[in-house]
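Peer 1: Structure incoming, see below.
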């Protein structure tokens, strides 16, 4: 599950100097257990969070290099049923991308966030039918076939 969509992603059109928080709210049609999570941020990104109404489900902090530049977004693998976050159908979830712009200037289109989840549905029969002609599905499929986002596909 890729938690981001063109025009709906936690993206800031102008990345202003100071701390920025950008939420994206969604629901899922099925119940599932999250097995692993990863994410993507741009420069000055500090964290990604996935929350429901009861609080934090997944927290992925950003790591910086020795010069303070974004090096990676943390990944998490949930090894036991006791640590596995549950997704429930028709519950509102919020993905939040956090940024801290220390430059003192606006950065056009500089901030966005994506979280990727590997999950196990509770009931495979409840899984919605895939519309293989859907533009979002086709874009994701092309990205996967090309080994992830390339400069041509990385259009956020």
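Peer 1: Quickly work out the residue 26-to-residue 146 label distance, labels modelled 7 Å from Cα along the C-beta direction, and quote it in nm with one decimal.
Peer 2: Rounded to a tenth, the inter-label distance reads 2.1 nm.
Peer 1: Can you tell me how much longer the chain between residue 67 and residue 52 gets when fully stretched, taken as 0.36 nm per residue apart minus their C-alpha distance, in nm with one decimal?
Peer 2: 1.9 nm
Peer 1: For the residue pair residue 124 and residue 75, what label-to-label distance in nm results when each label sits 7 Å from Cα along the Cα-to-beta-carbon direction?
Peer 2: 2.4 nm
Peer 1: Spin-label point model (7 Å from Cα, Cβ direction): what's the residue 134 to residue 82 distance in nm?
Peer 2: 3.6 nm
All of the numbers you see were taken from the coordinates with simple rules; none came from a lab. Bear in mind the structure is a predicted one, so any value in this text is a computation, not a measurement. As a convention, Cβ positions derive from the backbone with ideal geometry for all residues, glycine included, and neighbour counts pool all protein chains shown.
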